[in-house]
Amino acid sequence: MEISARAALLTPSLTLSIDSKAKAMRAEGLDVCGFGAGEPDFDTPDHIKAGAIQALESGFTKYTPTAGLPELRQAIADKLQADNNLTYKASQIVVSGGAKHACYNAILATCQAGDEVLIPSPYWVSYPDMVRLAGAEPVIIPTTERNGWKMRAEDFENAMTPRTKMLILNSPNNPSGAVYTREELGAIVEVAAEEDINILSDEIYEKLVYDDTEHVSVASISKEAYDLTITINGFSKAYAMTGWRLGYMAAPENVAKAADSIQSHSTSHPTSFAQRGALAALKGDQQPLADMREEFNLRRGYMYDRITKIPNITAVLPQGAFYILVNISQLGLSSQNFADRLLSKANVAVIPGAAFGDDRTIRLSYATGIDIIKKGLDRFQDFCRTL
């Protein structure tokens, strides 16, 4: 059977490739240290699970409105006002099957054939393929370690063409951990406003920032920013709810309505009882978030200190998320070759930077226990010294 042209455009997932090899090695009894995890290693807090359990026990297992429970959409709007200084009505919120789904709905609702979507690299792996599936063309804007892996306003301006429809920003960033400052975002918004370019702002890691770093929502910068921005967020990272598959967008009314219509013809609504869990997450005890962030911060400091003492590799201290992007370009290997050899020779799994659009790098996650981090970095250090 012949597959469609759009399916043929998609690129194989390097992250899944490394993950499948690591799992196969573990199945053979090998001790593999995995630094590929894109999810917290903590359990979902009990009060959130209780919210879903209560929904199940009370028979709350039927269809809900496509865009999500009205009370959840209002709770999200309240959260955006309290945490991000953003005023949205519940009708501007669309709850989806994860932040990834919300991103895809947003792109489908606003982009079409012939449009260009600008994506700073290193980027989260799915952005370019989402754009291709919508019929638009991804245009990659390389960033540098010298600039903290962040796109400058002039980089944005230089990459624009008359076909540019959207810019995708991810702050805090996966894979680099970079967090854009208010001033940096203001300069970027100024360029976007001049040319009426939409901004998809993926803020899924907003609760995971460290030291004195401030997370700033793009839409809060100005009235122009608010009108141009689709804000994406969700429950996976902050609340350790990756398997629950719940995310959301906050957008101008017409975009939210379009995304609602798209969702109605694809997945319908998010899972009913999971939405009750999300409601408990927003309205319940927020201390588990602080506890997770504190532990991630300890791991971040340890991993960064160890990595930066290894000759011929470099790294920027991540300000957010739970990843460190390591520049291995001085070692003379492609990121895929490095990752393959590290796994086969040292039993350590990392994600090659080629998956994120930057072959000079590899990504290590510190969303795993400190004992695994210590053992894995011992092996990583020994391996690097052999190159």
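Things to note:
- When Q330 is tested against (1) under 24 Å from T386 (Cβ atoms); (2) surrounded by 15 or more Cβ atoms within 10 Å (Cβ to Cβ); (3) at pLDDT 95 or above, exactly one condition is not met: (2).
- Any hit, the stretch 276-285, residues being surrounded by fewer than 21 Cβ atoms within 10 Å (Cβ to Cβ) and either in contact with a Phe, Trp or Tyr (Cβ under 6 Å, 6 or more places away or on another chain) or not in a helix (DSSP H, G or I) (or both): yes
- One residue from I168, I199 being surrounded by fewer than 24 Cβ atoms within 10 Å (Cβ to Cβ) and under 22 Å from N105 (Cα atoms): I199
- The residue of the stretch 329-376 that is nearest to M241 (Cα to Cα), among those that are of a type in the set (V, I, T) and touching a residue at least 40 places away in the same chain (Cβ under 8 Å), is T368.
- Residues being without any contact (Cβ under 8 Å) to a residue 40 or more places away in the chain and in a helix (DSSP H, G or I) - total across the stretch 296-308: 3
- Yes/no for S264 being out of contact with any Ser or Thr (no Cβ under 9 Å at 6 or more places or on another chain), surrounded by fewer than 17 Cβ atoms within 10 Å (Cβ to Cβ), touching a residue at least 24 places away in the same chain (Cβ under 8 Å) and polar (S, T, N, Q): no
- Just one of the numbered conditions (1) part of a helix (DSSP H, G or I); (2) more than 18 Å from the chain's Cα centre (by Cα); (3) surrounded by fewer than 21 Cβ atoms within 10 Å (Cβ to Cβ); (4) of a type outside the set (D, E, K, R) is not true of L289: (2).
- Hits in the stretch 168-184 (condition: in contact (Cβ under 8 Å) with a residue 40 or more places away in the chain and either more than 26 Å from S365 (Cα to Cα) or of a type in the set (G, A, S) (or both)): S171, S176, G177, A178
- Set G38, G51: member being in contact (Cβ under 8 Å) with a residue 12 or more places away in the chain and in a helix (DSSP H, G or I): G51
- When each of G301, G357 is tested for being in contact with a Ser or Thr (Cβ under 8 Å, 6 or more places away or on another chain), over 26 Å from L69 (Cβ atoms) and among the small types (G, A, S), the lone residue that passes is G357.
Yes/no per residue for (1) out of contact with any Pro (no Cβ under 7 Å at 6 or more places or on another chain); (2) within 15 Å of F235 (Cβ to Cβ); (3) among the aromatic types (F, W, Y); (4) not assigned by TED's automatic domain parsing to the domain that holds R300:
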| position | (1), (2), (3), (4) |
| --- | --- |
| F35 | yes, no, yes, no |
| G38 | yes, yes, no, no |
| E57 | yes, no, no, yes |
| P65 | yes, no, no, yes |
| N85 | yes, no, no, yes |
| Y88 | yes, no, yes, yes |
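- Residue within the stretch 105-128 that is outside any strand (DSSP E or B), touching a Phe, Trp or Tyr at 6+ places or on another chain (Cβ under 8 Å) and surrounded by 24 or more Cβ atoms within 10 Å (Cβ to Cβ) present: yes
- Qualifying residue in the stretch 75-95 (condition: within 30 Å of L133 (Cβ to Cβ), among the hydrophobic types (A, V, I, L, M, F, W, C) and touching a Gly at 6+ places or on another chain (Cβ under 6 Å)): yes
- Condition check for E71: assigned to a helix (DSSP H, G or I), in the same structural domain as K207 (by TED's automatic domain parsing), within 30 Å of P352 (Cα to Cα) and modelled with pLDDT of 95 or more: no
- Among the residues listed as V139, V125, the single one being without any contact (Cβ under 8 Å) to a residue 60 or more places away in the chain and not assigned by TED's automatic domain parsing to the domain that holds V326: V139
The values are calculated or read from the model by the stated rules, or taken from the named source; none is laboratory data. Quick caveat, the model's predicted, so the values are computed rather than measured. Note that each Cβ is placed from the backbone with ideal geometry, even for glycine, and that neighbours are counted across all protein chains shown.
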